[in-house]
Amino acid sequence: MVRTVSQRIAPDPSRLAEFAKILREARSPVLIYGAAIARGSGWDQAVAFAEALGAPVWAAPASERPPFPENHPLYSGGLPFAMQPLSKKLEGHDVALVVGAPVFRYYPYVPGPYLPAGLRLLHISDDPAETGRAPVGDSLLGDAVLSLEGLKALLGDCKPKATRARERVPHRMAPHGSNAAKASDGRLTAAQVFRALNEVRPANTILVEESPSNLADLHAEWSITEADTFYTFASGILGWNLPAAVGIALAERDSGRNRPVIAIIGDGSVQYSVQSLWTAAQLRLPILIIVPNNDEYCILKSFAVLEETPGVPGLDIPGLDIVSIANGYGCDAARLDDLEEIKKAAVQAWSKSKPTVLEVPISRQVPPLI
């Protein structure tokens with residue numbers, strides 16, 4: 001006999017009531033939503049609670065899935081993943097509620113306070129390890145979506161908090177802005193490529209991303225406004241997203257949903273799990289894989305700038321022939337540097353019975369890390 005196990009954890013009612021009271025009495029609350037909301041199909045509940053409270057919403061740093069529609073008026077963007085700039089973003093608020101995310105994911109070390117002075121942090125997570133290791137705040141163990149529903153019910157007829165000027169970062173989930181410099185080498189910029197792809201993709205396209213140095217340009221040009229249409233790594237460890245895109249495309253076909261899948265994988269990132277191309281070809285999956293090629297390990301150059309360590313060796317990676325590699329694994333592949341040709345190839349890719357890999361030379365621009 002096949003057993004079943006429920007995995008949703010109901011929050012402690014008395015603790016939830018404490019949180020509701022604190023939020024009701026808050027002068028200027030702020031919400032920090034994490035990927036557990038998306039995993040629980042909770043966008044509607046997240047929006048309803050934010051609107052009831054009248055609080056701005058940040059995506060938790062390094063969220064692997066968007067927790068909130070990026071075109072909503074209450075959405076601010078993604079929090080930086082370093083202590084000092086994250087704390088700076090939360091200044092002026094007296095209560096922060098983190099739902100469905102760790103407190104917090106950090107990437108580079110930028111010393112500073114965990115929280116600005118005068119801010120109380122409340123934390124809801126269904127992960128006991130995360131509630132146990134949070135360095136600040138009061139935690140509640142519970143399902144993110146069930147907790148939001150419970151809090152909204154407890155707020156009752158609480159009037160939304162008075163609106164205040166809200167920051168809305170143009171790069172949305174990305175923790176930093178892009179390098180706005182124009183290309184001086186004759187190549188396309190990453191922003192141009194992403195804008196072109198967004199113009200021709202179907203409305204329900206699933207986007208998978210592993211191109212860290214181009215993250216700000218991608219989010220600025222391609223806002224996530226539909227639930228369950230964006231995936232990336234949570235930890236920053238390269239090599240997850242290409243095989244994940246294969247699995248997502250397979251699930252789309254097997255479920256009958258058949259939503260198009262596009263993976264944006266950097267020329268360095270694609271080397272970590274490049275054998276996934278063979279799996280995609282063998283399974284005859286119509287994935288479109290875009291490889292922005294800047295001939296360098298650009299995200300580590302960004303680290304070098306932050307750490308004031310110029311001239312780090314081994315960060316230029318010229319001579320990679322992505323097209324030959326992809327062809328060898330059984331994919332259709334081409335190297336394109338014209339936007340109209342890229343758009344034409346993208347439209348054709350999703351009607352094929354094999355993966356399409358497009359290598360696109362892009363300008364070498366080192367973005368800020370945070």
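May I ask you to list the residues in region 91-136 that are without any contact (Cβ under 8 Å) to a residue 40 or more places away in the chain, in a loop (DSSP other than H, G, I, E, B) and either among the small types (G, A, S) or at positive phi (or both)?
Listed by number, the residues that qualify are G112, A117, G118, A134.
Quick one: count up the residues across region 70-89 that are assigned to a loop (DSSP other than H, G, I, E, B), out of contact with any strand residue (DSSP E or B) (no Cβ under 6 Å at 6 or more places or on another chain) and within 25 Å of A52 (Cα to Cα).
Adding up the residues that qualify gives 4.
For a quick check of your reading: which helices (runs of 4 or more DSSP H) sit entirely within region 1-64 and have at least 2 residues that are within 16 Å of the chain's Cα centre (by Cα)?
Answer list for region 1-64: 35-39.
Return the pair list, or none, for Cβ contacts closer than 7 Å from residues in region 264-279 that are crowded, with 18+ Cβ neighbours inside 10 Å to residues that are polar (S, T, N, Q) and not in a helix (DSSP H, G or I), at least 6 apart or on different chains.
Every condition considered, the pairs that remain are I264/S211; I265/S211; G266/S211; D267/N293; D267/N294; S269/S211.
Would you check if there is a residue in region 348-358 being surrounded by 16 or more Cβ atoms within 10 Å (Cβ to Cβ), in the same structural domain as A263 (by TED's automatic domain parsing), at pLDDT below 95 and not acidic (D, E)?
yes
Given (1) farther than 17 Å from A55 by Cα; (2) at pLDDT below 80, where does N198 come up short, assuming only one miss?
Against the list (1) farther than 17 Å from A55 by Cα; (2) at pLDDT below 80, N198 comes up short only on (2).
Checking A245 against (1) aliphatic (A, V, I, L, M); (2) out of contact with any helix residue (DSSP H, G or I) (no Cβ under 6 Å at 6 or more places or on another chain); (3) assigned to a loop (DSSP other than H, G, I, E, B), which single condition isn't satisfied?
Every condition holds for A245 apart from (3).
Provide a single number: the residues in region 282-331 that are within 20 Å of V360 (Cβ to Cβ), surrounded by fewer than 21 Cβ atoms within 10 Å (Cβ to Cβ), at pLDDT 95 or above and of a type in the set (A, V, I, L, M).
2
Of the conditions (1) buried (at least 19 other Cβ atoms within 10 Å of the Cβ); (2) touching a helix residue (DSSP H, G or I) at 6+ places or on another chain (Cβ under 7 Å); (3) in a helix (DSSP H, G or I); (4) not aromatic (F, W, Y), E209 satisfies every one except a single condition; which number is it?
That leaves (3) as the condition not met.
Taking the conditions exactly as written (crowded, with 19+ Cβ neighbours inside 10 Å and assigned to a strand (DSSP E or B)), does H171 satisfy them or not?
When the stated conditions are applied, H171 does not pass them.
Tell me which residues, restricted to region 132-154, are closer than 18 Å to R39 by Cα and either surrounded by fewer than 20 Cβ atoms within 10 Å (Cβ to Cβ) or within 22 Å of the chain's Cα centre (by Cα) (or both).
If the condition is that a residue be closer than 18 Å to R39 by Cα and either surrounded by fewer than 20 Cβ atoms within 10 Å (Cβ to Cβ) or within 22 Å of the chain's Cα centre (by Cα) (or both), then L141, D143, A144, V145, L146, L148, E149 are the ones that fit.
Starting from region 40-55, take each residue that is farther than 13 Å from L146 by Cβ and list its partners that are part of a helix (DSSP H, G or I), counting only C-beta distances under 8 angstrom and pairs at least six apart or across chains.
W43/I37; A48/L148; A48/K152; A52/K152; A52/L155; L53/L23; L53/L155
The values are calculated or read from the model by the stated rules, or taken from the named source; none is laboratory data. These numbers come from a predicted model, not from an experiment. Here Cβ is always computed from backbone atoms with ideal geometry, including for glycine, and neighbour counts include all displayed protein chains.
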